[in-house]
1. Given the whole protein assembly as supplied and a 1.4 Å probe, what does the accessible area of residue 325 come to in Å², nearest 10?
2. Using the Cα centre as the reference, give the magnitude of the dipole from point charges on the C-beta atoms of the chain (Lys, Arg: +1; Asp, Glu: -1; all else neutral), rounded to the nearest 20 debye.
3. Roughly speaking, to the nearest percent, how much of the chain's 1.4 Å accessible area is carbon and sulfur?
4. Under 29 Å Cα to Cα from residue 484, which lysines show up? Leave out anything in the same chain fewer than 8 places away.
5. Could you tell me which residue out of 126, 110, 233 lies farthest along the dipole of the chain toward its positive end? Charges go on the beta carbon: Lys and Arg +1, Asp and Glu -1, centred on the Cα centre.
6. With an 8 Å cut-off on Cα pairs and a minimum separation of 6 or more residues, tell me the relative contact order of the chain in percent.
7. By a straight-distance test (C-alpha under 25 Å), which lysines pair with residue 226 as possible cross-link partners, with residues fewer than eight away in the same chain excluded?
8. Only one of the listed values, (i) 40; (ii) 45; (iii) 21, was derived from the coordinates as percent of Cα pairs over 42 Å apart; which label is it?
Amino acid sequence: MNIDNSLKCICVLYIWNVCLTCCYTKRCTVKYSKKEVVCDCSNMDFHTVPRHIPINTTILDLSSNHIALLHNETFMWLTKLRTLIIHTSRLRHIDVNAFKGLENVQNLDLSANSLDVGSLPMSVFNSTPNLLNLQLSDNIFSEEYPDKSLSFLTNLQSLSINGIRNGRFRDGFKYLKKLRILHFQPCFITHLTNETFLVFNNLPIEDIDISCAIRKVEYGTLAPFKSLNVLKISHNSFIRLSDLIPILIPLKDRNMSEIDLSYNYRARTGSDILTPKHFTILGQICVKSFILAKNQISVIRTGSISAMKYKNCLEHFDIARNNIYGDKGAALELFQLTGLKTVDASQQDSLSPWNVGLRNHSTSMYSANNVSEVYKMVNTIYTFPLPPNLEEIFAERLVMKATHLANVNFTNGRKLRVLDFNWTPFSSCTGLIRGIDHLEILKMSGFNCSLIDLSFFQSFKKLKVLESRSANLGRGLLDDKEGKILKGLFEL
């Protein structure tokens with residue numbers, strides 16, 4: 001269904017200083033379903049809210065227009081509206097009664113506009129008592145937060161807003177008694193102190209995203225968040241992960257779903273070292289997912305995994321895109337994480353024990369002088385214990401010295417289903433992998449399999465997906481006239 005709206009006129013021909021004008025009606029699009037009436041007025045070059053919107057509209061999209069001002073009672077007749085979207089519309093001011101009549105609105109997106117504290121009169125949200133989700137991110141709040149305006153939103157559950165450098169969270173926030181999700185986008189907060197979030201004390205916030213420009217933290221910063229379940233502190237280029245981890249101290253003995261501390265410390269030079277002290281702090285939280293990707297970690301000290309209190313809680317461990325090369329002992333401790341289901345150690349930019357993680361069957365420990373021998377002793381069997389519930393290993397694109405694939409015997413590997421070593425430079429496929437008999441997906445693209453043991457896949461009877469691109473198999477299988485390489489793989 002199309003709706004007539006305001007006219008738009010353009011000059012189609014200019015002759016002898018006379019403009020021949022063509023006018024046409026701009027149209028919104030309305031789609032009906034059993035539960036929703038969606039009116040799409042986005043990208044229509046509107047300068048005011050169009051008037052001929054169906055009164056039974058439940059979702060109204062006014063995004064990407066040029067609506068600088070919302071006048072009083074603009075939406076007065078849209079009493080069934082539940083979602084209102086006005087992002088990226090150059091909005092600068094909202095009159096105090098602009099939302100009058102929107103008692104049923106639950107979702108309001110005002111992001112990516114030019115709103116500041118002066119744009120939002122104190123009672124502007126008084127007409128939206130049932131608002132649950134409010135997007136105010138990517139506006140121009142620069143000195144203070146609009147807490148007085150927000151204080152009327154006692155049922156608000158999710159808030160996204162700019163993080164202001166040196167801005168204070170004032171008393172208006174404490175009236176958001178049902179707030180569960182708090183995200184700062186973009187965020188220019190540089191210092192987190194023990195007083196920063198005090199106004200949120202005892203609010204039921206479960207999910208917070210503080211991806212800012214943090215340079216310094218105090219260790220009691222997160223103490224006011226008593227119900228925290230998901231924490232993201234990422235993309236803070238000026239602070240090392242080792243200096244950031246102590247911010248987790250107040251979360252001791254909590255149950256959480258995810259802690260994401262990825263993409264911090266982006267200095268061109270330099271690296272970071274994690275010790276058992278850091279993992280003691282990480283491990284005192286019963287968390288299902290730890291994301292420590294891309295933090296320029298160079299070393300994880302032996303004893304780090306052992307120092308964790310809640311080893312059985314962790315299910316997903318992501319240390320991808322770091323530079324881990326030192327102290328192989330921590331890799332050999334992974335089996336202690338008895339609840340671990342997925343580990344991602346992809347794209348390590350160095351010769352790393354996390355890349356190999358193999359232990360001589362007859363040796364209890366390595367020395368610094370014989371780590372390189374792991375790559376050379378093709379006829380030796382190396383044993384590597386896996387966490388007993390591990391299902392997926394991602395170790396693609398490991399930057400390491402090209403080496404022969406050794407004979408590896410994994411223990412506790414009955415639940416492993418995915419093994420991804422794509423584009424890791426093994427110079428032959430003569431080694432055999434044992435102990436992961438229920439493997440379903442094997443990725444080994446980029447291996448040099450011009451030399452390959454024809455029984456290489458024979459222990460993988462459950463294999464369903466095999467990816468081995470650019471692996472010189474044309475040479476390695478030249479003499480395999482009987483197809484021995486895939487013999488018995490009936491599920492492939």
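1. Probe radius 1.4 Å; accessible area of residue 325 about 130 Å².
2. About 460 debye.
3. Working: 11550 of 22820 Å².
Carbon and sulfur atoms account for 51 percent of the accessible area of the chain.
4. 376, 415, 443, 461, 462, 464
5. Selected residue: 233.
6. Numbers: 1403 pairs, mean separation 26.1, N = 492.
Reported relative contact order: 5 percent.
7. Partners found: 148, 174, 177, 178, 216, 252, 277, 288, 309, 311.
8. From the options (i) 40; (ii) 45; (iii) 21, the structure gives (i).
The values are calculated or read from the model by the stated rules, or taken from the named source; none is laboratory data. Only a predicted model underlies this, so the values are computations on that prediction, with no experimental measurement involved. Every residue, glycine as well, gets a Cβ built from its backbone with ideal geometry; the counts of neighbours run over all protein chains shown. Ligands, DNA and RNA are stripped out before the accessible areas are found, and what is left, the full protein with its side chains, is counted by its heavy atoms. Shrake-Rupley method; radii C 1.70, N 1.55, O 1.52, S 1.80 Å.
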